[in-house]
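Notes follow once the structure below has been shown.
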Amino acid sequence: MSEVQQPAQREAEIGSRLAELEQRLEAACSASGRARDDVTLVVVTKFFPAADVRILTRAGVGDIGENRDQEAKAKLAEVRDDPGGAPVPRMHFIGQIQTNKAASVASYADVVHSVDRVKLARSLDNGARRHDRMLDVLLQVDLRDPAQAHDDDAFGRGGVLPDELDELASVVEGLENLRLAGLMSVAPLGEDPAEAFGRLARLREPFVAAHPGATWLSAGMSGDLEAGVAAGATHVRVGSAILGPRPAHG
Ligand SMILES: *Cc1c(COP(=O)(O)O)cnc(C)c1O
């Protein structure tokens with residue numbers, strides 16, 4: 001943020017953006033004939049301070065998303081220490097995870113949206129076991145044309161290719177401290193999100209038939225949450241529409 005805001009001002013700003021987003025989400029649900037309760041709003045707080053997380057939780061947000069291990073861990077610790085006793089949100093880890101950070105992520109995340117390889121799944125499971133925790137995990141699907149995949153990961157648009165999904169799912173199902181909860185994806189840059197999420201919805205049908213517990217679908221961000229909801233998203237990950245432009249990168 002370019003200028004320092006007073007806390008009350010920030011609270012009012014976030015409150016009104018949150019109310020606008022809520023209207024958008026309700027409209028998207030009703031346009032798709034879906035109940036608003038079927039969709040969890042995950043507010044992506046990356047790059048924003050713990051003070052913003054407290055404002056959000058006091059406003060009733062129960063789910064926040066982060067994409068960097070150190071930042072997420074420190075912020076959650078700060079929120080937990082709140083003398084005002086703001087409720088502690090569920091932490092959704094939504095970013096790419098280096099294998100050597102997996103044990104750390106497993107120590108505090110409740111849901112990991114970005115599982116895209118066997119080695120990462122095993123490391124998360126080991127970490128979760130060490131901390132005596134269960135993690136809900138989503139497999140991140142790479143919706144790009146396979147010819148272009150893996151050469152444009154700047155925005156963390158990684159993921160498992162659709163034809164490798166089943167193998168990864170079976171591995172996760174065999175791991176004791178992970179629960180296979182569903183799928184996640186990011187619409188590829190430059191593609192109509194409705195088309196991309198349409199492909200995701202078609203992939204998801206046989207996937208859920210084969211893995212009946214894995215009904216979650218994390219799809220849709222500030223720019224394309226309507227397309228996500230129309231494709232059956234149970235979780236949307238919204239940052240800038242609620243918190244404003246991020247202070248740097250990301
Ligand atoms: C940053 C991020 C979001 C939120 O993006 P906005 O456009 O700010 O809503 C959602 N999903 C992932 C994976 C992200 O990295």
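What do you reckon, is Leu180 crowded, with 17+ Cβ neighbours inside 10 Å and either within 16 Å of the ligand (Cβ to nearest atom) or modelled with pLDDT under 95 (or both)?
Values: crowded, with 17+ Cβ neighbours inside 10 Å: yes; either within 16 Å of the ligand (Cβ to nearest atom) or modelled with pLDDT under 95 (or both): no.
It is false that Leu180 is crowded, with 17+ Cβ neighbours inside 10 Å and either within 16 Å of the ligand (Cβ to nearest atom) or modelled with pLDDT under 95 (or both).
In segment 89-109, the qualifying residues are those that are assigned to a loop (DSSP other than H, G, I, E, B) and under 16 Å from Lys46 (Cβ atoms), and the one that is nearest to the ligand (Cβ to nearest atom) is Ile94.
Of all residues in segment 201-217, none that is without any contact (Cβ under 8 Å) to a residue 24 or more places away in the chain has its Cβ atom under 6 Å from the Cβ atom of a residue that is assigned to a loop (DSSP other than H, G, I, E, B) and exposed (fewer than 13 other Cβ atoms within 10 Å of the Cβ), 6 or more apart or on another chain. Scanning segment 144-177 for residues that are modelled with pLDDT under 95 and either in contact with a Lys or Arg (Cβ under 6 Å, 6 or more places away or on another chain) or aromatic (Phe, Trp, Tyr) (or both) yields a count of 1. Does Val236 meet the test of being within 13 Å of the ligand (Cβ to nearest atom) and surrounded by 15 or more Cβ atoms within 10 Å (Cβ to Cβ)? When the stated conditions are applied, Val236 passes them. The number of residues in segment 126-138 that are out of contact with any Lys or Arg (no Cβ under 9 Å at 6 or more places or on another chain) and either buried (at least 18 other Cβ atoms within 10 Å of the Cβ) or under 11 Å from Leu175 (Cβ atoms) (or both) comes to 4. Residues in segment 71-88 that are more than 16 Å from the ligand (Cβ to nearest atom) and not in a loop (DSSP other than H, G, I, E, B): Lys73, Ala74, Leu76, Ala77, Glu78, Val79, Arg80. In the set (1) small (Gly, Ala, Ser); (2) surrounded by fewer than 15 Cβ atoms within 10 Å (Cβ to Cβ); (3) out of contact with any helix residue (DSSP H, G or I) (no Cβ under 8 Å at 6 or more places or on another chain), the condition left unmet by Gly223 is number (3).
Is it the case that segment 22-45 has a residue that's in contact with a Phe, Trp or Tyr (Cβ under 8 Å, 6 or more places away or on another chain), closer than 27 Å to Gly158 by Cβ, of a type in the set (S, T, N, Q) and modelled with pLDDT of 95 or more? No; the residues of segment 22-45 include none that is in contact with a Phe, Trp or Tyr (Cβ under 8 Å, 6 or more places away or on another chain), closer than 27 Å to Gly158 by Cβ, of a type in the set (S, T, N, Q) and modelled with pLDDT of 95 or more. Evaluated against (1) within 26 Å of Thr234 (Cβ to Cβ); (2) over 19 Å from the mean Cα position of the chain (by Cα), Arg130 falls short on exactly one condition, (1).
If you check Ser114, Ser123 for being part of a strand (DSSP E or B), modelled with pLDDT of 95 or more and surrounded by 16 or more Cβ atoms within 10 Å (Cβ to Cβ), only one passes: Ser114. Can you tell me which residue within segment 22-42, out of those that are surrounded by fewer than 13 Cβ atoms within 10 Å (Cβ to Cβ) and among the polar types (S, T, N, Q), is nearest to Ser240 (Cα to Cα)? That would be Gln23.
The values are calculated or read from the model by the stated rules, or taken from the named source; none is laboratory data. Note that the coordinates shown come from a computational prediction; the quantities given were computed from them, not determined experimentally. In this analysis, Cβ positions are derived from the backbone assuming ideal geometry, glycine residues included, and neighbour counts consider all displayed protein chains.
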